[in-house]
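So the structure is just underneath, and the comments pick up after that.
The values are calculated or read from the model by the stated rules, or taken from the named source; none is laboratory data. This one's a predicted model, so the numbers in the text were calculated from it and none came from an experiment. Methodologically, a virtual Cβ is constructed for each residue, glycine included, from the backbone with ideal geometry; neighbour enumeration extends over all protein chains shown.
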Amino acid sequence: MKTAAVPSILFVCLGNICRSPLVEAVARQRAAQAGLSLSLASCGTGHWHIGKGADPRMLQAAAEAGYDLSPHRARQVRADDFQAFDWVLAMDRDNLETLEGLRRSGGTAPALFLPWAGVAAPEEFPDPYFGDTEGFRHAVALAEQGVDGLIARLRQR
């Protein structure tokens, strides 16, 4: 739930099996290490993977970097998410446009994750789903970079 005491962030990608659960896990671990209390979640704009775990290739790439995605179960964005979260951060423009179409007036306006976190380039978080193993490893590095920027931004609050 939205509260001033504990900032809440929802990370959103297409299927909620690659990018957004990765960013959620990285943010959860790094926020804890930084002593920040955050309410974190992730979801997808699509319905295809509801209830499924993270993509096995993402599980492996994340585990190699020290992040555990095994508890994750995909869910689809809900209308009440825009009321429940302080920030709704999309991984790419397609997901941002979908979120903007779903948002009701008065709810949290979605934004692109990487620019919001202060990452200059790339503006969009590439989807590794149709790529090779290296794309998943690159996603982990990009998630870490974005989360570092996110934590720096939250510390300035």
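Within region 25-42, the residues that satisfy the criterion of being buried (at least 24 other Cβ atoms within 10 Å of the Cβ) and either touching a strand residue (DSSP E or B) at 6+ places or on another chain (Cβ under 7 Å) or modelled with pLDDT under 95 (or both) are A27, S42.
Yes/no per residue for (1) among the aromatic types (F, W, Y); (2) touching a residue at least 40 places away in the same chain (Cβ under 8 Å); (3) in a helix (DSSP H, G or I); (4) closer than 17 Å to R137 by Cα:
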| site | (1), (2), (3), (4) |
| --- | --- |
| S20 | no, yes, yes, yes |
| A25 | no, yes, yes, yes |
| R28 | no, no, yes, no |
| A32 | no, no, yes, no |
| L36 | no, yes, no, no |
| Y67 | yes, yes, no, yes |
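Filter region 105-117 for residues that are under 19 Å from A25 (Cα atoms) and touching a residue at least 40 places away in the same chain (Cβ under 8 Å) and give the result. Hit for region 105-117 is F113, nothing else. Of all the residues that make up region 87-104, how many are over 18 Å from P21 (Cα atoms) and part of a loop (DSSP other than H, G, I, E, B)? Final tally of qualifying residues: 2. Residues of region 38-61 that are touching a Ser or Thr at 6+ places or on another chain (Cβ under 9 Å) and not in a loop (DSSP other than H, G, I, E, B): S39, L40, A41, S42, C43, G44, R57, L59, Q60, A61. Residues of region 101-116 that are modelled with pLDDT of 95 or more and hydrophobic (A, V, I, L, M, F, W, C): A109, A111, L112, F113, L114, W116. Between A5, A61, A65, which is more than 18 Å from F82 (Cβ to Cβ) and at pLDDT below 95? None of the other options fit; the residue is A5. Within region 43-84, being of a type in the set (A, V, I, L, M), exposed (fewer than 14 other Cβ atoms within 10 Å of the Cβ) and within 30 Å of R104 (Cα to Cα) holds for one residue alone: A79. Among the residues of region 69-86, the ones that are hydrophobic (A, V, I, L, M, F, W, C), more than 16 Å from A25 (Cα to Cα) and not in a helix (DSSP H, G or I) come to 3 in all. Taking region 69-100 as the range and being of a type in the set (G, A, S), over 23 Å from L142 (Cβ atoms) and modelled with pLDDT of 95 or more as the test, only A84 passes.
Looking only at region 105-121, count how many residues are outside any loop (DSSP other than H, G, I, E, B), closer than 15 Å to A141 by Cβ and out of contact with any strand residue (DSSP E or B) (no Cβ under 6 Å at 6 or more places or on another chain).
Residues flagged as outside any loop (DSSP other than H, G, I, E, B), closer than 15 Å to A141 by Cβ and out of contact with any strand residue (DSSP E or B) (no Cβ under 6 Å at 6 or more places or on another chain) within region 105-121 amount to 1.
Being over 15 Å from the mean Cα position of the chain (by Cα) and either under 24 Å from L38 (Cβ atoms) or in contact (Cβ under 8 Å) with a residue 60 or more places away in the chain (or both) holds for only one residue in A141, A120, A54, and it is A120.
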